[in-house]
Structure formats: structure tokens, C-alpha cells
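Only the coordinates and a few stated rules stand behind these numbers; no lab work does. Source: prediction; values computed, not measured. No Cβ is skipped: glycine too gets one built from the backbone with ideal geometry, and neighbour counts run over all protein chains shown.
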Amino acid sequence: MRKLHFNKGFLCGVFLFVSPFLMNAQKIVSDSTIITIDTSSTSPDSSLTIFQKLVKDSITQLTLTADFDFLIKNKKLNDEHAAKLTLQTAGEPIMTLDIKIKPRGVYRRSFCDTPPLRLNFDKKDLDSLGLYSDFDKLKLVTHCMDSESAEQVLLREYWAYKLYNQITPNSFKVHLVKITYINVNDPSEQTEHLAFLIENNKEMAQRIGGKIVEKWGLTPSKLDANTHQNAMMFNYMIGNLDWHIERNRNIKLVKKPNQAGVLVIPYDFDMSALVFPSYARLNPDYNQAHFTDRYCVGRFSSKEVLSETIYKIQTLQPTILNLFKNCPYLNEHSKYAMTNYLKSFYKPLKKEKKWAKLFL
């Protein structure tokens, strides 16, 4: 039996266990060290979800095997496709799960060579692993194009999520991974790219003590003021106009018991100036002259409310500006551009007259 070797690396703040995934797919199938749902090798913990397990066990190296020729050719359809997801937990055998995948999104599905995916795990498999099986679907944000610049776009969006995590726990958690994609039609056809997983919608809602609700045409008076203000200020900070409360666009709404207002949880930050993808387009609703122009989507109810939000965001400035600086995969150009754009947000906040004019 071949002995497994692990080298510890660092993946933007989380440990990376590099396992022998970058091998021929035929070896992956035949290797006797690989298991498929062997419950004797796992420690049942029904309090963990599949997303939490990936984070807790620092699982950052995955292999996804599927018929990518067919999937990409039919990426505009909503059909699910059979796939195998191989992962490694430190000190445990390699594990392969039969899952289903499907393209997702709207604009990126049309534009990207590799569209974002939804991973659908088998509930019975999750149960047998001792994992909480209700949250069996995860969003995977892919590299879009096979280029270094596209990978930098992905990383900048990942860090947008991480930045919002610093502002409020009422936000989606994300997990950065390296994925080896193997085409079943030609197992020698393998590519490795960075990607990130987004916490399940219902899992996020449960974590913060509520449930997802579907409501359209909400006015600010029906919203939880704190989460609404955080969403407005953060999207302004990163230059994101691709969201809307009344249209329920790129937000999830969470209702907590015994709380009047609905919580606003923003997501999908790829069309922000901080991320600046190759497919960036000016927003005609705001007469943008430049993609980096900022506009506040919505308005603050009073100077007092705005002042509280600005004070909070100012205290976080050192954290915000330094959060991503040690990420080895983010190149110096991305770090420089992100830092400068965030600094341009903070500069007007130093003077009350300027921020009052901007937001009131």
C-alpha cells in the first residue's frame, strides 16, 4: 500500500494539506488508500455540516471529477450532472463522495468558460459521515477563465466576503480551496485552480438565529436597521451597485423570532469596483462615468444613525486595510489596487460635512 505524505503549506490564513491528488484519475480510482463513505474512519459529529467540516479540518485540497465537456456545453441549462468529489482530512484516508453538480448564476454562467457551480451532496452520505445533512448544497465560485487575471478576480471577491465578515457576523462565511478538475472523458486532462465555497443559505440563517424568508418590495421601515446600514455602507465601500432591496437582488433576507425587522445579508460581490472583473460594465441606473465611481444604494434615516455606522467602520480601518496583505496567492498589483480603493473610501469619512453630503 502506498504511503501518503503531507506537506503543510499556507492558504491565505488557513493551513493547506497538500495530498497526492495531482495524479492520474485512474490512479485515484484504483488506489486502495481511498475510501468511499467509510464510517469507521470518521468521527460522527452531527453538529457539524459539510461546510463546517471543511473549515474545521482545514480541507483545502479537493478533486472534482465530472463530464466537464457536457457540462460546459450545456451550462445555460439547469440540469444536474453526476460528479465525484475527493477530499483529504489530515490523518484520515482520502475520501470520495458521489455528488451532483450544476451550473448556477446568471451573468457569469453566460460569460465564463467555467461557470460557478452548485454542489449537491447526498443526504444519506452526509448522515453516514455523522454530519448534519439538512444543509446539503454549497455554492462554488470558480475561476471563470483559465488565466492568472481571472484567478485574481476570484481572490478579490473572496476577500470582499472576508472583509464583510469583519464588519458583522450577519454575513456569509467562505472557504478558499484548491481544486483539481478532472474530465472523465480524458483523465489526463487535469487543471488546478483556486475556488471558494460559500456557506449554505439556510446554514447561515440558522447560525445567526433565524430563517430565510422570501419578500419582495420591502421598504426600509420593514428592515432591521443595523444590517441594512451595514449592507449600504459596505457596498458603498467596495463600489458595488449590483444589489437592491426592493428587487431582492443579491441579498438574502433572514427573519429572527421576536424581532420586528428583517435582516439584510448581502452576497455576490463580483461586480464591485474592489473586485473589478474583466466583464465589468457601467451601471446605467446611476449614470456611472467610471466603474470605480461610488453611489450609495439606499439612504440613511438620520445623521445620528449614519454617524454610528461611520464610527464603527472607522474603528475597523486598520483591520480592513491589512486583512488580505499576507495572502500568498493575491499578487502585489491586486493588493495595491484593493488597498488604494479602500483608502479612497476612508478619506472623506474624516470630515463630517463630506460624509453628510455623500450619504444624506
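Can you divide the C-alpha Rg of the range 199-292 by 2.2 N^0.38 Å and report the result to two decimal places?
Compared with the compact-globule rule of thumb, the range 199-292 sits at 1.15.
Quick one: grab the alpha carbon gyration tensor of the range 232-359, order the square roots of its eigenvalues as a ≥ b ≥ c, and give me rounded if a/c is under 1.5, else prolate or oblate depending on whether a/b is larger than b/c.
Rounded shape, in that the Cα axes give a/c under 1.5.
Full extension from Y311 to D98: what is 0.36 nm times the residue separation minus their Cα-Cα distance, to one decimal in nm?
Working it through step by step, the gained length comes to 71.8 nm.
Sorting W216, W355, W159 on the 10 Å Cβ count, fewest up front, what's the list?
W216, W355, W159
Which ³J(HN,Hα) values, rounded to whole Hz and listed in residue order, are derived for the range 288-296 from phi using the Karplus coefficients 6.51, -1.76 and 1.60 in 6.51 cos²θ - 1.76 cosθ + 1.60 with θ = phi - 60°, glycine and proline given as x?
Running phi through 6.51 cos²θ - 1.76 cosθ + 1.60 with θ = phi - 60° gives 4, 8, 9, 5, 7, 5, 9, 9, 8 Hz.
Apply the a/c threshold of 1.5 to the C-alpha gyration tensor of the range 103-242 and tell me whether it is rounded, prolate or oblate.
It comes out oblate by the Cα gyration axes.
Of K256/K351; K162/K343; K102/K162; K139/K350, which sit over 29 Å apart, Cα to Cα?
Beyond 29 Å between Cα atoms: K256/K351; K139/K350.
Could the peptides 336-342, 75-81, 224-230 be put in order, highest first, of the mean number of other beta-carbon atoms found within 10 Å of their residues?
224-230, 336-342, 75-81
Tell me, how many Å apart are the Cα centres for the range 42-111 and for the range 261-304?
Cα centroid to Cα centroid, the span is 30 Å.
Springs between alpha-carbon atoms under 10 Å, Gaussian network over the chain: tell me which of Q166, Q288, Q88 tops the mean-square fluctuations.
Q288
Using a Gaussian network model on the chain with a 10 Å cutoff between Cα atoms, which of R118, R207, R108 fluctuates the most?
R207
Mind checking which aspartates and glutamates have their Cα closer than 18 Å to the Cα of K211? Skip sequence neighbours fewer than 8 apart in that chain.
Those aspartates and glutamates meeting the cut-off are D134, D136, E199, E203, D224.
What is the distance, in nm, between label points placed 7 Å from the Cα along the Cα-to-Cβ direction at S47 and at V106?
4.0 nm
7 Å from Cα along Cα→Cβ at both E246 and K303: what's the point-to-point distance in nm?
2.8 nm
Helix 303-315 versus the longest principal axis of the chain: what is the Cα-based angle in degrees, 0 to 90, to the nearest 10?
In the chain, helix 303-315 runs at an angle near 40 degrees to the longest axis.
Given the -39500 (n - 2.57) contribution per DSSP H run of 4+ residues, what per-residue ellipticity at 222 nm results for the chain, rounded to the nearest 500 deg cm²/dmol?
-9000 deg cm²/dmol
Assuming R0 = 35 Å, what is the FRET efficiency of S344 and K222, from their Cβ-Cβ distance, to the nearest 0.05?
That pair, S344 with K222, gives E of 0.60.
Which residue, E199, E189, E151, has the most motion in a Gaussian network model of the chain that connects Cα atoms within less than 10 Å?
Of the options given, E189 has the highest mean-square fluctuation.
Return the equivalent ellipsoid semi-axes of the chain as a descending list in whole Å, where each equals the square root of 5 times an eigenvalue of the C-alpha gyration tensor.
37, 22, 20
Could you check the spin-label model distance between E352 and K56? Points 7 Å from the Cα along Cα→Cβ, value in nm.
Computed distance between label sites E352 and K56 equals 4.9 nm.
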